[in-house]
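K.L.:
Sharing a structure below in structure tokens format, with a few things to ask.
The values are calculated or read from the model by the stated rules, or taken from the named source; none is laboratory data. Since this is a predicted model, take the numbers as computed values, not measurements. With ideal geometry, Cβ positions are generated from the backbone for all residues, glycine too; neighbour counts draw on all protein chains shown. Please note that ligands, DNA and RNA were not included when accessible areas were found on the heavy atoms of the full protein model with its side chains. Shrake-Rupley method; radii C 1.70, N 1.55, O 1.52, S 1.80 Å.
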Amino acid sequence: MGRGSTIFRRLVLGSTGALGGWFAGNVLVHARSTPDTFERSPDARLSHATCPRCRRRRRIAVYGGAFDPVTNGHLSCAAEIVHSGIADEVLMVPCGPRPDKPKMATAAIDRYVMLQIAVNTSFSPGFPVKVSNIEVFEPKSLATYDMLSSLRAQNPGVDFMFVVGSDWLQSGQDLRHWTSKEGKTGEKLVSEFDFLIIKRPGYDLPENLSVFGPRFSVLSLPHGMNYVDSNVSSTEIRKRVAVSEQVREFVAGSHLTSADGLVPTGVLAYITRQGLYKKPAK
């Protein structure tokens, strides 16, 4: 039985109580007639081609990352993008396997499931933040241009923008040098897609954003609202989970964890049940 099928059975058919029933109706993958295989759900299901409140094309912000694991900071960022009004929907995309990052040992299916749990238990049912499995079943992570081009092909009536942190746009880093399966496609990337910049503490931006490309803009909130930021990192969560595991080994009956309040409760439960991050993060 495959790893993905085992996880699916535990969540939907196992002794997970209400979570199992909830997940059966919300997860974006489902078992075929043969239970040991998965079928990719088309991302075209995620949205209509036009904004329901107007006649313009829908705008979807693609928020990619390892999400190893997803934190409250990731969810806060996704929520603020929606609150800004710049996008009609946020699509969170966990990356596929990364051969260039051998220390990232968590399977893509685990990171995808944690994102599904987080989104579906943290936001109200109609809040427009969703999760894509476009990279989960790939042998390795897709290049940004390839991933965005695939989403665009599946959703021809939607305009996609890619979310980047200001830390990605510092001296010596140029998205126009990025490559894809077609070779060097960075120029096509920055000319064909919009980019939404999230300001990160300590990483300033020049006043003229056109130095990065023609379609870059900084996230801002309307009506005088201030961006609510959370600096909690996935690395810190992995470290805290490992430390908490060591505490439990020495203190019989201890259920304390220093990651509580920093990730959704359901995600923390999944981490514990699956035995993730037991070794100290590096």
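K.L.:
What are the trypsin sites (Lys or Arg not before Pro) within the stretch 125-203 that DSSP puts in a loop, where the Cβ has at most 13 other Cβ atoms within 10 Å?
P.N.:
On the way: sites: Lys130, Lys140, Arg152, Arg176, Lys181, Lys184, Lys188, Lys199; in loops: Lys140, Lys181, Lys199.
Those satisfying the criteria are Lys140, Lys181.
K.L.:
Using a 1.4 angstrom probe on the protein heavy atoms only, could you order Asp146, Asp167 from most to least accessible area?
P.N.:
Values: Asp146 25, Asp167 50 Å².
Listed by decreasing accessible area, they come as Asp167, Asp146.
K.L.:
Just the accessible area for Thr265, please: 1.4 Å probe, Å², rounded to the nearest 10?
P.N.:
110 Å²
K.L.:
Is there a pair in Lys140/Lys239; Lys181/Lys239; Lys130/Lys279; Lys101/Lys184; Lys140/Lys184 whose C-alpha atoms are over 27 Å apart, and which pairs would that be? Before the final figure, lay out each step's value.
P.N.:
Values: Lys140/Lys239 25 Å; Lys181/Lys239 35 Å; Lys130/Lys279 30 Å; Lys101/Lys184 21 Å; Lys140/Lys184 18 Å.
Checking Cα-Cα distances, Lys181/Lys239; Lys130/Lys279 exceed 27 Å.
K.L.:
So what are the stretch 57-205's ellipsoid semi-axes, whole angstrom, largest first, if each one is the square root of 5 times an eigenvalue of the alpha-carbon gyration tensor?
P.N.:
Values: eigenvalues 93, 74, 58 Å².
After diagonalising the Cα gyration tensor, the semi-axes are 22, 19, 17 Å.
K.L.:
OK, next. If amide hydrogens are placed 1.01 Å from N in the peptide plane, which non-local residues have theirs closer than 5 Å to the one on Gly96?
P.N.:
HN-HN under 5 Å from Gly96: Ser141, Leu142.
K.L.:
Another question, then. Using r as the Cβ-Cβ distance of Ala269 and Lys140, and R0 as 30 Å, what FRET efficiency do you calculate, to the nearest 0.05?
P.N.:
0.55
K.L.:
Follow-up. Spin-label point model (7 Å from Cα, Cβ direction): what's the Arg55 to His177 distance in nm?
P.N.:
Going from the Arg55 label point to the His177 one covers 4.6 nm.
K.L.:
Would you kindly derive the ³J(HN,Hα) couplings of the stretch 109-116 from the backbone phi angles with the Karplus curve 6.51 cos²θ - 1.76 cosθ + 1.60 (θ = phi - 60°), listing them in order in whole Hz, with x for Gly and Pro?
P.N.:
Calculated HN-Hα couplings, in order: 5, 5, 5, 5, 4, 4, 5, 4 Hz.
K.L.:
Heads up, I need the accessible area for Ser84: 1.4 angstrom probe, whole protein in place, Å², nearest 10.
P.N.:
Its accessible surface works out to 20 Å², give or take rounding.
K.L.:
What does the extension gain come out to for Lys188 and Lys279, with contour length at 0.36 nm per residue minus their alpha carbon separation?
P.N.:
On the way: separation 91, 0.36 × 91 = 32.76 nm, distance 4.09 nm.
Gain in length upon complete extension: 28.7 nm.
K.L.:
For Ser217 and Thr121, compute 0.36 nm times the residue count separating them, minus their Cα-Cα distance, and round to one decimal in nm.
P.N.:
Values: separation 96, 0.36 × 96 = 34.56 nm, distance 3.03 nm.
Between Ser217 and Thr121, full extension yields an extra 31.5 nm.
K.L.:
If ligands, DNA and RNA are left out, what is the accessible area of Asp194 with a 1.4 Å probe, given in Å² to the nearest 10?
P.N.:
50 Å²
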